[in-house]
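Here's the structure, in structure tokens; my notes come after.
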Amino acid sequence: MHLSPALEERYTQEKMSAPEAQRLAQFIAWGPMVFQVSRLMVKFGILDLLRDSNEGLTRAELVEKTSLSDYAVKVLLEGSLSIGTVLVNPQTDRYSLSKAGWFLLTDASTRVNMNFNQDVNYEGLFRLEEALKEGKPAGLSHFGSWPTVYEGLSQLPAQVQKSWFDFDHFYSDASFPSALQVVFGYHPRTLLDVGGNTGKWAMQCVNFDPKVEVTIVDLPQQLEMMRKQTQGKPGADRISGYGMNLLDPANAFPTDRHYDILWMSQFLDCFSMDEIISILSRAARIMDGESRLCIMETLWDRQKYETSALCLTMTSVYFTDIANGNSKMYNTEDMETCIKAAGLHIDEIHDHLGHGHSILVCKK
Ligand SMILES: C[S@@+](CC[C@H](N)C(=O)[O-])C[C@H]1O[C@@H](n2cnc3c(N)ncnc32)[C@H](O)[C@@H]1O
């Protein structure tokens, strides 16, 4: 198995003392309380108030400033002391923000993940056991009866949709500037953006290169959202849509023209390995020796920091329970297996784009 140096260090040897390990075990057992208390410390503004106070605040001051009851503030503060997001000075009884509290409050990735977990995953996670046993997104039924979350995306409640898109875009948006350099290094005239979603990448492409023409392949209902979002923007006339469900093996990629680049960003993680092989085999059919398939994924084994790998392996659980029941955040080995089975090979790998994306450049 390939592991980046940070993961090799962490995943191959036991580093914890017995008390540390016991504490972690309890942290897991109390995970739902840890999550909800911490989320509410942010939502009620308590962490904000602590950050903004130089000497820290007493419980009574927090009660006054938040209008919560003394009981509520006491429960949250005591829980947060154990969680490690706040500190207390026993001489003055003043509370202040700890380092972890500071990250919880200000780290954009942590906030996006927390909102995603609360709005999209939390309630459905109760059915993870069923999802793992049946290979179906059992937690999705909490929102509707679609076979996968993608069919339901445009109909999810507004807050859930916001947290879903914030999560999705947080990762891909940060990588787009470096990805443009990689992709346009091949001077494509035509680009097929498979799973192009709201058209964010396509818009960046047409703005980056005044001649390139982009075709977005996605589910028909998703293309409607894309058209609304791109309408009237400069360059949008060079973006077209091709609606198709790629889960149907009878559906072929468009052959109206030669596509210099086939682009798949955060797309293949929406499918099982067998489905990926089917999609890539169909992609290979419209490729020739000059075409390149660029796959941008957050591969967990290539992460520079272990915390990033944690976010990815946990995201796999969302795929199991909510998204589709059979896909995940893959590692290099799994992705390469699928690429080879589709008759393609990896020509180049670009690592550490944005928050940890890699681009696998594949050829026929
Ligand atoms: C996780 S989003 C990735 C969006 C975008 N490429 C990015 O990098 O942010 C996956 C996209 O694949 C599309 N998709 C999922 N299942 C699909 C299917 N069966 N056929 C076609 N598109 C699908 C979804 O509608 C969604 O737009």
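For beta carbons closer than 6 Å, sequence separation of 6+ or different chains, a first residue in segment 75-101 that is free of Cβ contacts under 8 Å to residues at least 60 places away in the same chain and a second that is part of a loop (DSSP other than H, G, I, E, B) and among the β-branched types (V, I, T), the qualifying pairs are D93/T58; R94/T58; S98/T85; A100/T85.
As a summary of the residue check, Y318 satisfies the conditions (1) in contact (Cβ under 8 Å) with a residue 24 or more places away in the chain; (2) more than 17 Å from the chain's Cα centre (by Cα) except for the one numbered (2).
Counting the residues of segment 244-257 that are exposed (fewer than 15 other Cβ atoms within 10 Å of the Cβ) and of a type outside the set (K, R) gives 9.
For segment 183-203, the count of residues that are of a type in the set (F, W, Y) and crowded, with 20+ Cβ neighbours inside 10 Å is nonzero.
One line per residue, one yes/no per condition, for (1) within 20 Å of the chain's Cα centre (by Cα); (2) within 12 Å of the ligand (Cβ to nearest atom); (3) within 30 Å of Y259 (Cβ to Cβ):
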{"residue": "G135", "(1), (2), (3)": "no, no, no"}
{"residue": "Y150", "(1), (2), (3)": "yes, yes, yes"}
{"residue": "K162", "(1), (2), (3)": "yes, no, no"}
{"residue": "F165", "(1), (2), (3)": "yes, yes, yes"}
{"residue": "H169", "(1), (2), (3)": "yes, yes, yes"}
{"residue": "A174", "(1), (2), (3)": "yes, yes, yes"}
{"residue": "P177", "(1), (2), (3)": "yes, no, yes"}
{"residue": "Y186", "(1), (2), (3)": "no, no, yes"}
{"residue": "T190", "(1), (2), (3)": "no, no, yes"}
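Annotation note: of I295, I276, the sole residue that is buried (at least 21 other Cβ atoms within 10 Å of the Cβ), over 29 Å from A108 (Cα atoms) and within 12 Å of the ligand (Cβ to nearest atom) is I276. The set of residues in segment 57-74 being under 28 Å from L24 (Cβ atoms) and touching a residue at least 24 places away in the same chain (Cβ under 8 Å) consists of V73 alone. Restricting attention to segment 60-93, the residues that are on the phi > 0 side of the Ramachandran plot and either surrounded by 12 or more Cβ atoms within 10 Å (Cβ to Cβ) or acidic (D, E) (or both) total 2. Residues in segment 1-49 that are aliphatic (A, V, I, L, M) and touching a residue at least 60 places away in the same chain (Cβ under 8 Å): M1, L3, A6, L7, M41, V42. Mind counting the residues in segment 129-139 that are closer than 13 Å to V317 by Cβ and surrounded by 17 or more Cβ atoms within 10 Å (Cβ to Cβ)? Summing the residues that are closer than 13 Å to V317 by Cβ and surrounded by 17 or more Cβ atoms within 10 Å (Cβ to Cβ) in segment 129-139 gives 4. Taking the listed residues I216, I239, the one that is closer than 21 Å to A283 by Cα, within 12 Å of the ligand (Cβ to nearest atom) and out of contact with any Lys or Arg (no Cβ under 7 Å at 6 or more places or on another chain) is I216, with no other qualifying. For segment 318-364, the set of residues classified as closer than 13 Å to T298 by Cβ, aliphatic (A, V, I, L, M) and not in a strand (DSSP E or B) consists of M329, M335, listed by residue number. Look at (1) near the ligand (Cβ under 9 Å from one of its atoms); (2) touching a Gly at 6+ places or on another chain (Cβ under 7 Å) and you find that Q229 fails only one, number (1).
Each reported figure results from applying straightforward, stated rules to the coordinates on display, with no laboratory input. These numbers were taken from a predicted model, which means no experiment stands behind them. Cβ atoms come from the backbone with ideal geometry, glycine included; neighbour counts cover every protein chain shown.
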